[in-house]
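The values are calculated or read from the model by the stated rules, or taken from the named source; none is laboratory data. Quick caveat: nothing in here was measured; it's all calculated off a predicted structure. Cβ: placed from backbone, ideal geometry, glycine included. Neighbour counts: every protein chain shown. Quick note on the areas: whole protein, heavy atoms, side chains included, nothing else; ligands and nucleic acids left out. Shrake-Rupley method; radii C 1.70, N 1.55, O 1.52, S 1.80 Å.
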Amino acid sequence: AVIRALGAFGLGVARLTGALALVLARTTLNLPRLDRRELFRSIVLFGYRSLPLALMAATLIGSTVVLQAGVYAVKFGARLYTGWAAGYALTREFGPLLLGLVMAARIGARNAAELALLNVNGQIEGLRGISLDPFRILVAPRVVGSAIAITCLGSVTFLVAVCFEAVSSYFSLGLPLRVFFDSYQDMLRVGDLVGGLTKTLAFGLAIALVSTVAGLRAKGGAVGVGQAAASAVVLSCAAIFSLDLLLTPFLTRLFG
């Protein structure tokens, strides 16, 4: 029974990996021929309409990170370096990770549910019936649009979160805003920002691919749509944690 379960798990992972690779390859091949209207609609749908949630997450992330960093800064007599510590933790670690998890629930679930609904209702098959490529018209623009949207949301989130970090430092630690931003500017490097945005892009692409695969594999009517949305969230979170584990040492060696 154990061997059978392990075999089934391995087979499922292999199938999922193959499906992700296939979607990525087909999206790459269709990049020059993307439907621009659907691409723009996807960026607005997944990016602009997710902006309020991203800003709310930015306030919580910024305040939480500075409170945690402030505890150790005060304990070791490094209060003046709170700006650098909080900024580094935000841009390189907690910011991309927490934003990715939030967007997995928001964007990943929505993309999977919409594609699953189109799939189970036969609309994707209908496009093939009239000699149109549903991947070029519908699927590839969603993958690219959601990845772009999450990366742009990451940039806005980092900026807003840093401002809330400064405000939280002022009220919780009595650290002047000028001291906070001086520490942030003097010690935080461009590589730290590039590393954070690289993680955000990787997480966004993972969410886009996983949710697309979940939606296209959906079967069974309304139940299948719900299962696709749930699978997209769970698998996207697993992909984010796996990518974070792989990217952190690589980016550390690359940017220091």
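Tabulated results
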{"item": "Selected residue (only one of G122, G154, G191 is open to solvent by 20 Å² or more (accessible area, probe 1.4 Å) and either among the small types (G, A, S) or on the phi > 0 side of the Ramachandran plot (or both))", "result": "G122"}
{"item": "All positions within region 1-30 that are surrounded by fewer than 10 Cβ atoms within 10 Å (Cβ to Cβ) and hydrophobic (A, V, I, L, M, F, W, C)", "result": "A1, V2, I3, A5"}
{"item": "Test: G83 is crowded, with 16+ Cβ neighbours inside 10 Å, modelled with pLDDT of 90 or more and part of a helix (DSSP H, G or I)", "result": "no"}
{"item": "Residue list for region 103-128, restricted to those being of a type in the set (G, A, S) and in a helix (DSSP H, G or I)", "result": "A104, A105, G108, A109, A112, A113, A116, G126"}
{"item": "Pairs where the first residue, in region 98-118, is over 16 Å from V144 (Cα atoms) and open to solvent by less than 10 Å² (accessible area, probe 1.4 Å) and the second is of a type in the set (A, V, I, L, M, F, W, C) and not in a helix (DSSP H, G or I), C-beta under 9 Å, 6+ apart", "result": "A116/A218"}
{"item": "Filter result for the condition that a residue is at pLDDT below 85, over 22 Å from L247 (Cα atoms) and open to solvent by 40 Å² or more (accessible area, probe 1.4 Å), over V74, V66", "result": "V74"}
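Conditions (1) assigned to a helix (DSSP H, G or I); (2) open to solvent by 30 Å² or more (accessible area, probe 1.4 Å); (3) in contact (Cβ under 8 Å) with a residue 40 or more places away in the chain; (4) of a type in the set (A, V, I, L, M), marked per residue:
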residue: K219; (1), (2), (3), (4): no, yes, yes, no
residue: S231; (1), (2), (3), (4): yes, yes, yes, no
residue: I240; (1), (2), (3), (4): yes, no, yes, yes
residue: D244; (1), (2), (3), (4): yes, no, yes, no
residue: L254; (1), (2), (3), (4): yes, yes, yes, yes
